Every structure is written in structure tokens, then in C-alpha cells.
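The values are calculated or read from the model by the stated rules, or taken from the named source; none is laboratory data. In this text the structure is predicted, and so the values were computed from the model without any measurement. Positions of Cβ are generated from backbone atoms using ideal geometry, with glycine treated the same way; all protein chains shown enter the neighbour counts.
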Amino acid sequence: MASGKQKSGGVDVAAQDAASSAEIVRTLKSFDPPAPAEFSKDEELRAYRDMLLIRRFEEKAGQLYGMGFIGGFCHLYIGQEAVVVGMQMAMKEGDEVVTGYRDHGHMLATGMESRGVMAELTGRRSGYSKGKGGSMHMFSKEKHFYGGHGIVGAQVSIGTGLAFSNRYKGNDSVAITYFGDGAANQGQVYESFNMASLWKLPVIYVIENNRYAMGTSVNRASAETNFAHRGISFKIPGIQVDGMDVRAVKAAGDLAMKHCREGEGPMILEMMTYRYRGHSMSDPAKYRTRDEVQKMRSDHDPIEQVRQRLVEGHGMTEDELKGYDKEVRDIVADAAEFAQNDPEPDVSELWTDIYADAIPQAAE
Ligand SMILES: Cc1ncc(C[n+]2csc(CCOP(=O)(O)OP(=O)(O)O)c2C)c(N)n1
Ligand SMILES: [Mg+2]
């Protein structure tokens, strides 16, 4: 159409375009993915133990589900453990976590008790929501864990709100907001991105790209499959991270925490990860091959990577590692035992925890 410099109502469109493009390039280039963190033996051991706890807990939850002790929805996190554990290692007291429905790993990583999480799964009164919430609805104010949300993407605006609250109060806490590759296509994600960037809110958007949303692969559902670039229009920098390597996650977490705490606004971390189990407990698994799953397990397992480094790099013996395995198995066995024997909630609990203030007529 027009050639040369375009003018529109006196506005220099070409100059605006150039400025905006330069800004986009700056946003993209401002962060190179950092090298994986150097871990001491203690840090490797912490990562090993914390990831193993999540793995064994989830395996047990899967068994209890099969035995009929757990009802309703249950989404296992097996395979993705390095993401929450690496991020947790980069956090400090007061930082908040919010996530979707694949949430047991996030809870355990924040330090919530295995007994309380398992008892909630079995619908018992000592569960985190008194047995009335189940897998997707647990919270812990003490551990700064804000759920557990079944509506895909809902946690993104909640996490942005947490960050707004931190900014308003003038503290230096960061809201770590986890969501999936599928959730990344939700509209409210982009409304949140806009506000977070505009107001420079301290929020880290951790996109757990496990390549599938239920049975739909990212390539079938997403026009742009590089989720680290999803913030470009909002001037939010993003990087892709090897989410199967807990050291890479920790290094990226450190970088993003610093960015947020220095008042630079939000950041996106796209974690390249993989779930080994089905989307939920009922999954026909027709959308991927067994070989694909097997290859991820044998070549990239996050726990095995740490195990190898502990043996080869830190001279730990198999017997020493078995001691950690046993400790974790004992915690999980205790939680399972507790969750099967704890009583169900009393019928009167049907009327509690519905409104902030109890309604007298309801109690009658
Ligand atoms: C608003 C909304 N739409 C659809 C669903 C049904 N649903 C549940 S999980 C899911 C897939 C989400 O995938 P992803 O965000 O990649 O997370 P992942 O399960 O891989 O952890 C869908 C579509 C829902 N719960 N909420
Ligand atoms: Mg997914």
C-alpha cells in the first residue's frame, strides 16, 4: 500500500512500530537462561528427599484410589517433581504458592503435612479442609499455600492478586503462580499479565509445560508453543527451563525471585517437564505411546539424576541412600495408615465453612 514513512492522523506509526519492536527485542533478550545451580551435597540431599517424598506419596495416593479409599478427581504429579522442589529451594519465608488441581506435590513442597494431605484425599476429618474439599481444594495459611483450584487458569488471577497485595502492603514477598500449558491459553491469564506488568507486581508465572492438556498435545492446541514468549506483548520477560533438572529450576527461580524483589515486575518461567501418569485417574492414554513415556523416565527422570550425582559426585553408597528411601517410605506409610483410620467428618460439618460468618438459622 503506502510506501516509505506511514502517517496516520499525524501519528508516526513507523516510529511507534520501531520503538515497540525494539522493546519486544529487549524483553526477549534481557534474560538468557542461567546455567544450572551448583549444588552442595546437602542441597542435593534436600532435593532428593523432597522429590522422593512427593513421588512415593503420589504412588501411594494412586494405590489408595485404586482400593476405593479416595473418591472424585485425583491428578498425580509424578514426573514433574523437580519443578516445585527447585522453585521451593529458591523461595524464602513469606513467599506464596498457588496452583491448579495437580497440586499434592506443591503442598508437600511448601511443608504441609503428609498426614493432613492424605487424610483430605480420603475425605477424613483431620484433612486440611476437614475432609470436605478433597484433592483439588486444600489450603494452608501457615505455609502460604493458596490452593488447589479446579477451574483451569483460575489460579493465575488469584496469584496476581496475591502479588498485588504484597505490593500494596510494601513487603518483599513473591507470589509463585503455577499453571499448565493448557491453562496458558485461557483469557484471564492475559488480563493478569497486563495488570501484573503495568503495576510491576512481584509474581512469577511458572508454566509447567508437560506437553499435554488432558489428551491434547501442545502442538494441537497452541498457536505459539513457546510459552516463555507469551508475555512479549505485555513486556514480561520469560525463559525456558529444563524442568526435569532441579538445579536448572533453582537457578531460574533465583533469577526470577531477584527480578521480582528488585521491583522489576513479573517474570515467566516455562518449565519443560513431563507427567508419567495419566491426566487423572481415568485416562485412556491413547494420545501418546508407551515408548514416549518410557524414554522420558529412563533418560530424564528428575530423581534419578540427583541420585546419580550423589553416588558419582559425592561418593554416597547405595546403603546410605536406602536410609533416605526408608525415611520417606515410613512417612508415607504413616500418612496412609492415618488417612484410612481417621474418622469421616461429622454430619453437622455440612453446615460449617460455607460463609465467613455462621448463619444462626443454618446451625438450627
Ligand atoms: C475453565 C475450565 N475448562 C476446562 C476444564 C477441564 N480441564 C480440566 S484439566 C484440563 C487440561 C489442562 O491442562 P494443563 O493446563 O496443561 O495442565 P495439566 O493437566 O497438564 O497439569 C481441562 C481442559 C476445567 N477444569 N476448567
Ligand atoms: Mg499440561
- Message: Taking the condition of being over 19 Å from Leu76 (Cβ atoms), assigned to a loop (DSSP other than H, G, I, E, B) and more than 16 Å from ligand 1 (Cβ to nearest atom), how many residues in region 138-188 meet it?
- Response: 11
- Query: Looking at region 34-51, is at least one residue within 16 Å of ligand 1 (Cβ to nearest atom) and either over 19 Å from Asp325 (Cβ atoms) or part of a helix (DSSP H, G or I) (or both)?
  - Reply: no
- Quick check: is even one residue across region 269-279 assigned to a helix (DSSP H, G or I), within 23 Å of the chain's Cα centre (by Cα) and of a type in the set (A, V, I, L, M, F, W, C)? no
- Single residue of Val117, Val97 found to be part of a strand (DSSP E or B) and either surrounded by fewer than 22 Cβ atoms within 10 Å (Cβ to Cβ) or of a type outside the set (Lys, Arg) (or both): Val97
- Looking at region 84-92, is at least one residue part of a loop (DSSP other than H, G, I, E, B) and under 23 Å from Thr160 (Cβ atoms)? yes
- Message: For region 215-229, give me each residue that is modelled with pLDDT of 95 or more and in contact with a helix residue (DSSP H, G or I) (Cβ under 8 Å, 6 or more places away or on another chain).
- Response: Ala221, Ser222, Thr225, Phe227
- Message: Please go through region 295-309 and give me each residue that is in a helix (DSSP H, G or I) and within 17 Å of Leu53 (Cα to Cα), ordered by number.
- Response: Pro302, Ile303, Glu304, Gln305, Val306, Arg307
- Looking at Val241, is it within 16 Å of ligand 2 (Cβ to nearest atom) and either under 21 Å from Val98 (Cα atoms) or not acidic (Asp, Glu) (or both)? yes
- Pull up region 132-152, narrow it to residues that are within 21 Å of Ala109 (Cα to Cα) and in contact (Cβ under 8 Å) with a residue 60 or more places away in the chain, then point me to the one that is surrounded by the most Cβ atoms within 10 Å (Cβ to Cβ). Ser135
- Residue pairs within 7 Å by beta carbon, gap of at least six or interchain, first lying in region 258-283 and among the polar types (S, T, N, Q), second crowded, with 23+ Cβ neighbours inside 10 Å and in a strand (DSSP E or B), listed first then second, are Thr273/Glu208; Thr273/Asn209
- Which ones in region 184-210 are surrounded by fewer than 24 Cβ atoms within 10 Å (Cβ to Cβ) and of a type in the set (D, E, K, R)? Glu191, Lys200
- Message: Return the residues of region 55-81 that are aliphatic (A, V, I, L, M), away from ligand 1 (no atom under 13 Å from the Cβ) and touching a residue at least 24 places away in the same chain (Cβ under 8 Å); say none if nothing qualifies.
- Response: Ala61, Leu64, Ile70
- Query: Quick check, is Glu312 without any contact (Cβ under 8 Å) to a residue 12 or more places away in the chain and within 16 Å of ligand 2 (Cβ to nearest atom)?
  - Reply: no
- From the set of residues in region 162-183 that are buried (at least 17 other Cβ atoms within 10 Å of the Cβ) and more than 13 Å from the chain's Cα centre (by Cα), which is nearest to ligand 2 (Cβ to nearest atom)? Gly182
- Note on the structure: Checked region 189-218 for anything within 14 Å of ligand 1 (Cβ to nearest atom) and in a strand (DSSP E or B); matches are Tyr205, Val206, Ile207, Glu208, Asn209, Tyr212, Ala213, Thr216, Ser217
- Message: Quick check on region 344-364. Is at least one of its residues in a helix (DSSP H, G or I), in contact with a Leu (Cβ under 8 Å, 6 or more places away or on another chain) and either in contact (Cβ under 8 Å) with a residue 12 or more places away in the chain or over 30 Å from Ser217 (Cβ atoms) (or both)?
- Response: no
- Task: Take region 211-238 and flag every residue that is away from ligand 2 (no atom under 12 Å from the Cβ) and crowded, with 21+ Cβ neighbours inside 10 Å.
- Result: Ala228, Arg230, Gly231, Ile236, Pro237, Gly238
- Task: Can you give me the number of residues within region 219-240 that are small (Gly, Ala, Ser), in a helix (DSSP H, G or I) and away from ligand 1 (no atom under 13 Å from the Cβ)?
- Result: 2
